[in-house]
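To start, the structure under review is shown below, and the notes come after it.
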């Protein structure tokens with residue numbers, strides 16, 4: 001199940017947000033050893049101050065198993081402002097119909113359990129949640145900065161996307177910018193691969209609602 005935390009309901013979900021930031025710290029700082037900003041047991045950066053939308057995947061038992069962050073490319077975003085080298089020869093991406101996904105992460109206990117398909121379900125739910133949001137909001141594309149390992153996982157999930165530029169080594173990983181066209185066919189293909197029936201969003205919502213507050 002996917003829950004959305006946004007500008008309209010953020011004050012009602014402080015515990016969920018704290019759990020998400022702790023998950024990000026475990027994934028990006030503790031596990032992947034990225035150079036990220038840490039505050040206590042949480043990973044928080046300045047893009048979290050830009051009124052983002054958070055997409056969270058929960059197990060049937062209510063345990064957080066993955067999350068990502070969405071930001072409009074018209075405002076501050078990682079691809080244009082932090083990693084423009086990944087754009088190659090292309091100009092900055094600044095469009096009301098293109099949003100950026102960042103801080104995609106899965107609970108390490110799940111991702112390290114190779115006998116379980118929970119990692120696939122959580123990852124697929126997150127991507128399908130973004131797809132459902134994008135379609136109801138009239139988005140044309142989602143862009144992201146990821147590493148080549150996750151890029152391969154996206155392909156296996158039925159959403160290969162298109163590379164915006166060539167990969168570059170950033171820190172300890174080879175990073176690449178990827179764009180997905182938001183279409184009903186892509187959403188249906190991802191759900192078919194993950195054997196997801198019906199909507200994944202706990203409550204229908206469009207992107208023009210969440211950032212009002």
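State yes or no: is residue 152 exposed (fewer than 14 other Cβ atoms within 10 Å of the Cβ) and either closer than 25 Å to residue 27 by Cα or without any contact (Cβ under 8 Å) to a residue 24 or more places away in the chain (or both)? Taking the combined requirement at face value, the residue satisfies it. Please specify each residue of segment 166-183 satisfying the condition of being more than 16 Å from residue 130 (Cβ to Cβ), surrounded by fewer than 18 Cβ atoms within 10 Å (Cβ to Cβ) and touching a helix residue (DSSP H, G or I) at 6+ places or on another chain (Cβ under 9 Å). Selection gives 166, 167, 168, 170, 173, 174.
Rundown of residues vs (1) at pLDDT 95 or above; (2) at positive phi; (3) surrounded by fewer than 21 Cβ atoms within 10 Å (Cβ to Cβ); (4) touching a helix residue (DSSP H, G or I) at 6+ places or on another chain (Cβ under 9 Å), yes/no style:
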site	(1), (2), (3), (4)
37	no, no, yes, yes
62	no, yes, yes, no
79	yes, no, no, yes
84	yes, no, yes, no
90	no, no, yes, no
95	yes, no, yes, no
100	yes, no, no, yes
108	no, no, yes, yes
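Can you find, within segment 196-211, the residue that is surrounded by the most Cβ atoms within 10 Å (Cβ to Cβ) among those that are assigned to a loop (DSSP other than H, G, I, E, B) and modelled with pLDDT of 90 or more? Here the answer is 200.
The values are calculated or read from the model by the stated rules, or taken from the named source; none is laboratory data. Quick caveat, the model's predicted, so the values are computed rather than measured. A quick note on method: Cβ atoms are made from the backbone with ideal geometry, for glycine too, and the neighbour counts reach across all protein chains shown.
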